[in-house]
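Accompanying notes for the structure given below.
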Amino acid sequence: MKQKLLTNAEIIGILLMGFVALITGGWSVVILVVLLGALVGVNVPAQPGAWRRAVLPGLISALAVVLVTVFHNTVIAGLPKQEHIPPASTSFLVYLGSLGLGTAVAVGVAALRSAPDPRVRRFGLLGLLLVCAVAFPFFEQYAQLFWANAIIVAMIFALQALGLNIVAGYAGMLDLGYVAFFAIGGYTIAMLNSPQFNLQISFWLVIWIAAAAAALFGLLLGAPVIPLRGDYLAIVTLGFGEIVPIVFRNLNAVKIAEPLSELAALVFGRPELALCLAGCVEPLNITNGTDGINPIGRPVLPGVAFVTGQYIPWYFLILTLLAVSVFFISRLRRSRMGRAWVAIREDELAANSMGIDLVRTKLAAFMLGAMFSGFAGAFYGSYVSFVSPDAFDFSISVIVLCMVILGGTGSIVGVLLGGFIIKVADLLLLDKLQVVLGGVLQATIFQGIQNQGMQNFLESLFNASQYKLLLFGIILVTMMQFRPQGLVPSTTERGH
Amino acid sequence: MPQFSPATQRLLRTLLGVAVIYLALILGQPAGLDLVRIVDDIRTTPTNIVQQLIIGLSNGAIIVIIALGYTLVYGIIELVNFAHGEVFMLGAFTALLALSLFTSTTAAGGLTAPLWAALLGFIPAMLVCGLLNAGIERLAYRRLRNSPKLAVLISAIGMSFILQNVGLQLGAFGKLTQVGPQFEFLRVLGSNNAAPKSFPVVLSTENLLGDFIIRVTAADLLVMGTALVLMLALNWFVQNTRLGKAMRATAQNRDAAAMMGINVDQIIALTFLIGGALAGAAGMMFGLYNGTAVFTMGFTAGLRSFTAAVLGGIGNIRGAALGGVLIGLLAAFSDQYLAVRWTNAWVFLILVLVLLFRPTGLLGQESGDKA
């Protein structure tokens, strides 16, 4: 059989990375060729001598990205209103180096994957991943890409997606109110480490309290809904997801009286009989209402400054959290509990008759899923240093669900990938696309349109950053129609 | 659990009920459940009760019409059509655009439109939304007819996001007014995409009861009347026509209906068409009653209406009518006696409680598998 030059996955990868290169340009080429090289390397069948088969596709894909970058740097960067491209990134050496780097990564990954020794395979790939992950923030800072914030937020959401994956992916319960636990995590740190109550409990302790609080609420909210199935469960959780932010929004003037004594006071017409339980002198302000709580305390670590604008410490902190979570969850998945979740998802009745305690197992999934969201919420609160009820609306639940579904329900790698793709597209690419589209419009159509009103209209219609919802919607609908198992399906489901 | 005599069990259950009520009275206070204030309000201005009854019935009428769409679709393919609220939102926008063609500026600078334009505007709103809903079914749900329920639900959520974005971008067309006078009618869309759009004033806001303390406006009557007409028409259609019979048969047993020669796909599309048309009508009613539309309103309205449909017994047309009225009244009384900003939370709480304790709703039959 004749070998195809490029597989479908590689073509999709080239198109995707090429698109990113088209709208970003500059130093981003280095990161893009590494990502694409890794994809090519993973895509080559793992057999002895695989590295030779990775050379050509690796070279072609790197070349494609480099060419697109050259196009951006020369043509698009010349359009009106474009972002500045660092001159150092447009040298021939950078292009040549990217070409070599992309090919080298493809060959290296392919060689590591097909290494005869399983330890080399495992630790080699992990090591490569680690080198890239550690090198990224320093390179990003040097290249002034301004990607760090998006990547950190993407990791926060990936952490949530990992948690939702336990509930929706492993145990098969669709939770549409997942944002509730994120909010609980965020507000826990906001109340325990901020001027709101003049508490300064250390971040390292609060993050555990936040996770515990989220898990506790997961238990409280989960217990009544466990008997429900399918879409009814989804709607009830959605209801909880709506109620929790409303509660945080409105608990800013709390006064509680003892009802019986109050009733007595009313009946006998003697107000002094009413007993007051809380907020007697002046109403308690627990959550500061719509204004939210700020500033929230930062982590304290000797020698490291966690401040706004300094992304590297935050990056490594969330990276560590994410890595530990991935390790923990992958062990959990293979444990007795993890297998019980999947058994319930596949056939509840059969699982029950095999002796699996449905209620306990489902509750454990709910609690653990909530816990990771609580972690993410606490980190988010500290990172942004501000929480407000508006930050926790339904769209967050849907975005996280999108990540799980896009990546592959039940698959850790898939969920991480989905999380990164969606959040990076949301925070980074749509804005860049808007800049490029604006420039293209200015340079082409607007030349022929003299009417300022028409120009305003077109600019507002083609405002890419307003198409977030459309992007999520299209992802959900098309994935369900054509690839419900996600980009990287979990191994247990591949057989079907 | 140890066995108690029936009398002890009753006593224990009563004690538990009292404890729950007591706890609710304590925990509910921050959310507006303040007995003293409520009793005080009722004692000083008892007319508030009647006033909120009227407001609740009017809002309930709109909720009923949206809830019918949920219940029809759920009855026939057991899908929570999550995009239905957004269809309603787009219905309000279509109604607004239809009205904009007949809008004129008053002496005071406000926008106004004649009543016949509003009544005529029901037609495009219902037509557009009916076709839109049927199109959604064709595009996003039909292929998934035999997939797990959750796949369809997720597809519906995706669809609702797409429609919400369409509603957001419709606002951009307001900028066309700067282009020239031929686009002048688009001024109703304002200059900001996301901002709420104001409907032109169609009905006078004067009190039909003169100086009486209770207000009844023409909008109240129009909304309630329209809802009544639509409900009767739907009931007649489902009960008395051949297509209605086919719909009922398909809802009861799709396979059996197909064997009897009913084109199931067509009937399902028809159901979506009717549901969408009702949502469009509700959009116009909402616009006439509240005078405003915003692209995010479909979500809340959809959830309230879905709650109404579940409360009444989802899949049951009369149940949707009952549930809609009850939710409308609950929201109105919560606005008055509990707290406006907690009303959504109370409605969701009702939804959760209904689903937990009586998933078949007030008028629904017992059916083991639906919950």
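The values are calculated or read from the model by the stated rules, or taken from the named source; none is laboratory data. Owing to the predicted nature of the structure, the values given are computational and were not obtained by experimental measurement. Using ideal geometry, Cβ is built from the backbone for each residue, glycine included, and neighbour counts are taken over all protein chains shown. The protein model used for the area step is the full one, side chains on, heavy atoms only, and it has no ligands, DNA or RNA in it. Shrake-Rupley method; radii C 1.70, N 1.55, O 1.52, S 1.80 Å.
Before moving on, here are some points about what is shown:
- Test: residue in the stretch A:205-218 that is at positive phi, open to solvent by 60 Å² or more (accessible area, probe 1.4 Å) and either more than 14 Å from chain B (Cβ to nearest Cβ) or among the aliphatic types (A, V, I, L, M) (or both): no
- Members of the stretch B:1-45 found to be over 28 Å from B:ASP335 (Cβ atoms), among the hydroxyl-bearing types (Ser, Thr, Tyr) and part of a helix (DSSP H, G or I), listed by number: B:THR8, B:THR14
- Filter result (open to solvent by less than 10 Å² (accessible area, probe 1.4 Å) and in a loop (DSSP other than H, G, I, E, B)) within the stretch A:1-42: A:GLY25, A:GLY26
- Residue-level analysis places B:ASP255 outside the set of residues that are open to solvent by 10 Å² or more (accessible area, probe 1.4 Å) and closer than 21 Å to B:ALA156 by Cβ.
- Selection from the stretch A:103-132 of residues that are under 20 Å from A:SER28 (Cβ atoms) and either touching a Leu at 6+ places or on another chain (Cβ under 6 Å) or open to solvent by 70 Å² or more (accessible area, probe 1.4 Å) (or both): A:THR103, A:LEU129, A:VAL131
- Some residue of the stretch A:109-120 being in a loop (DSSP other than H, G, I, E, B), polar (S, T, N, Q) and either closer than 30 Å to A:GLU459 by Cα or in contact with a helix residue (DSSP H, G or I) (Cβ under 9 Å, 6 or more places away or on another chain) (or both): yes
- The residue of the stretch B:169-214 that is surrounded by the fewest Cβ atoms within 10 Å (Cβ to Cβ), among those that are of a type in the set (D, E, K, R) and over 16 Å from B:LEU288 (Cβ atoms), is B:ASP211.
- From the list A:SER61, A:SER98, the lone residue that is under 20 Å from A:GLU140 (Cβ atoms), touching a residue at least 12 places away in the same chain (Cβ under 8 Å) and either open to solvent by 50 Å² or more (accessible area, probe 1.4 Å) or not in a loop (DSSP other than H, G, I, E, B) (or both) is A:SER98.
- Helices (runs of 4 or more DSSP H) wholly inside the stretch A:384-496 containing at least 3 residues that are within 10 Å of chain B (Cβ to nearest Cβ) and in contact (Cβ under 8 Å) with a residue 60 or more places away in the chain: A:394-407, A:468-482
- Any hit, the stretch B:141-151, residues being of a type outside the set (Ser, Thr, Tyr), over 30 Å from A:ILE449 (Cα atoms), assigned to a helix (DSSP H, G or I) and in contact (Cβ under 8 Å) with a residue 60 or more places away in the chain: yes
- The stretch B:27-44 residues that are over 12 Å from A:GLU262 (Cα atoms) and within 8 Å of chain A (Cβ to nearest Cβ), paired with ones that are open to solvent by less than 40 Å² (accessible area, probe 1.4 Å) and assigned to a helix (DSSP H, G or I) (beta carbon under 6 Å, 6 or more apart): B:ALA31/B:TRP342
- Residue satisfying condition, being of a type outside the set (Ser, Thr, Tyr), within 13 Å of another protein chain (Cβ to nearest Cβ), in contact with a Ser or Thr (Cβ under 6 Å, 6 or more places away or on another chain) and part of a helix (DSSP H, G or I), within set B:LEU351, B:LEU356: B:LEU351
- In this structure, B:LEU79 qualifies as touching a residue at least 24 places away in the same chain (Cβ under 8 Å), out of contact with any Gly (no Cβ under 6 Å at 6 or more places or on another chain) and surrounded by 13 or more Cβ atoms within 10 Å (Cβ to Cβ).
- Among the conditions (1) out of contact with any helix residue (DSSP H, G or I) (no Cβ under 8 Å at 6 or more places or on another chain); (2) part of a loop (DSSP other than H, G, I, E, B); (3) within 13 Å of chain A (Cβ to nearest Cβ), B:GLY135 misses just one, which is (2).
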